[in-house]
Amino acid sequence: MGGKVQNTLIFSVTVLLISFSSAASSSQYNTLVVNTLPSSPILSSPESESLTTVSQSTTSLSLHLSHIDAISSFSDASPAELFNLRLKRDSIRVESLTSLAAVSSRRNVTRRAPRSAGGFSGAVISGLSQGSGEYFMRLGVGTPATNMYMVLDTGSDVVWLQCAPCKVCYNQSDAIFDPSKSKTFATVPCGSRLCRRLDDSTECFRQRSKRCLYQVSYGDGSFTVGDFSTETLTFKGARVDHVAVGCGHDNEGLFVGAAGLLGLGRGGLSFPSQTKNRYNGKFSYCLVDRTSSGSASKPPSTIVFGNDAVPKISVFTPLLTNPKLDTFYYLQLLGISVGGSRVRGVSESQFKLDATGNGGVIIDSGTSVTRLTQSAYVALRDAFRLGAKSLKRAPSYSLFDTCFDLSGMSTVKVPTVVFHFGGGEVSLPASNYLIPVNTQGRFCFAFAGTMGSLSIIGNIQQQGFRVAYDLTGSRVGFLPRAC
């Protein structure tokens with residue numbers, strides 16, 4: 001009898017040890033499916049879906065997702081060429097955000113608006129082929145609506161698009177918007193309350209113009225200048241009237257393909273702030289594989305506005321406020337784990353937003369590769385190299401200094417990577433931090449260091465998550481596998 005009890009105890013302890021070992025292993029390693037860089041998909045016809053058929057439903061709605069790759073001037077480029085273009089654009093983007101954070105003064109903040117239950121959603125289109133790493137959506141502008149692509153940008157506030165007549169306009173995939181053909185277009189008077197919400201509302205006085213004039217400059221030297229106006233924007237299932245829009249007649253720089261930009265920043269003139277009465281200051285997006293056009297097995301990227309945009313079961317972290325700049329979404333990053341252990345050398349102090357507005361961590365839809373302050377990056381990189389020491393190393397590639405040769409493999413075990421935010425943890429899928437950089441099986445660790453004090457969480461790390469922005473609740477949420 002005693003022998004049976006002893007055997008039972010030994011068996012139970014063995015099972016517990018196996019279970020503990022399995023759980024520990026799952027927290028230490030992820031499985032990466034080894035895929036190479038794919039070719040650009042063919043753009044499906046966006047006009048096959050009407051954006052002007054307005055639904056009276058107050059629930060969230062979805063638009064068809066098509067891919068922007070096929071409409072740019074780089075549509076015939078090889079996968080490696082597209083990827084390299086994207087990395088170049090990404091570096092310029094980071095310089096732009098870092099410059100803006102360093103020199104900007106505080107902007108106006110829109111007052112909180114009453115609660116509304118309405119909402120809508122639309123499709124998000126990857127701008128990978130344009131080397132931008134940005135995302136686009138299809139919408140209608142004016143009455144009758146002219147359909148066009150707009151860049152979605154959480155790092156900008158002002159909504160703007162190119163307008164005829166053009167002094168200087170870059171090439172875009174759709175016809176230039178002509179405000180004279182819209183019944184709902186209206187210029188904003190110089191000196192009006194709406195005009196004064198611009199960072200610089202005195203330009204119209206200097207030029208003795210009766211119309212309000214706007215100018216938006218970016219850190220890469222790009223800019224857009226024109227008439228500040230109001231116009232109707234139409235999404236599939238939703239018509240939004242009287243949106244403050246910059247009608248740009250002089251648009252110069254690195255803009256490619258899209259007609260303009262839908263600012264999703266935290267400032268008072270961003271689209272979420274302008275529509276707080278209707279959508280309660282809430283939106284979310286879910287970005288799938290950056291080369292996906294959507295299929296039965298791979299759902300499309302989407303963006304949702306309204307109360308439905310913020311899933312209650314998300315992992316939430318509070319938004320921090322920069323006293324110098326209200327555009328960016330600052331998060332509290334406490335640390336990072338690799339292989340189930342917190343990385344020594346990565347701490348909250350390296351990501352602190354100080355009282356003068358310097359430092360901090362922002363989340364950005366337009367940046368691809370996550371940038372961390374140099375000391376934090378080096379510690380993270382070294383921890384990952386140690387955990388992946390069984391993998392065959394490969395030469396560095398572009399900004400990536402930690403690469404591996406995974407040619408001939410179908411799957412591989414890699415150390416886990418977890419962000420520790422104030423409020424919760426976000427565990428990344430392996431494909432969000434070890435990415436293909438060519439078609440020969442070279443994969444690189446998709447993080448980089450920056451010599452500046454601003455860290456940026458990019459869209460590669462956000463891929464596959466429903467990232468929810470709740471301006472009313474002053475928080476950002478993450479929900480995995482929610483596209």
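Evaluating F400 against the criteria (1) farther than 21 Å from S341 by Cα; (2) open to solvent by 10 Å² or more (accessible area, probe 1.4 Å) leaves one unmet condition, (2). Restricting the search to strands (runs of 3 or more DSSP E) fully inside the range 433-483 and requiring at least 1 residues that are among the hydroxyl-bearing types (S, T, Y) and in contact with a strand residue (DSSP E or B) (Cβ under 9 Å, 6 or more places away or on another chain) gives 447-450, 455-457, 465-470. Taking the range 133-206 as the region of interest, the strands (runs of 3 or more DSSP E) fully inside it that hold 3 or more residues being of a type in the set (A, V, I, L, M, F, W, C), open to solvent by less than 20 Å² (accessible area, probe 1.4 Å) and in contact (Cβ under 8 Å) with a residue 40 or more places away in the chain are 135-141, 146-153. Answer yes if at least one residue in the range 330-347 is in contact (Cβ under 8 Å) with a residue 40 or more places away in the chain, over 26 Å from K413 (Cα atoms) and small (G, A, S), and no otherwise. Taking every residue of the range 330-347 in turn, none turns out to be in contact (Cβ under 8 Å) with a residue 40 or more places away in the chain, over 26 Å from K413 (Cα atoms) and small (G, A, S). Among the residues making up the range 263-305, those that are charged (D, E, K, R) and at pLDDT 90 or above are R266, K276, K282. Looking at this structure, is F228 part of a strand (DSSP E or B), modelled with pLDDT under 85, of a type outside the set (S, T, Y) and under 27 Å from the mean Cα position of the chain (by Cα)? No; evaluated as a whole, the condition is false for this residue. Within the range 243-254, residues that are closer than 14 Å to Q172 by Cα have Cβ atoms under 8 Å from residues that are open to solvent by less than 10 Å² (accessible area, probe 1.4 Å) and not in a strand (DSSP E or B) in these pairs: E252/S222; G253/S222; L254/S222, counting only partners at least 6 apart in sequence or on another chain.
The values are calculated or read from the model by the stated rules, or taken from the named source; none is laboratory data. Keep in mind that this is a model prediction, so the values were computed, not measured. Backbone-built Cβ (ideal geometry, glycine too); neighbour counts: all protein chains shown. Ligands, DNA and RNA are excluded from the accessible area calculation, which covers all protein heavy atoms including side chains. Shrake-Rupley method; radii C 1.70, N 1.55, O 1.52, S 1.80 Å.
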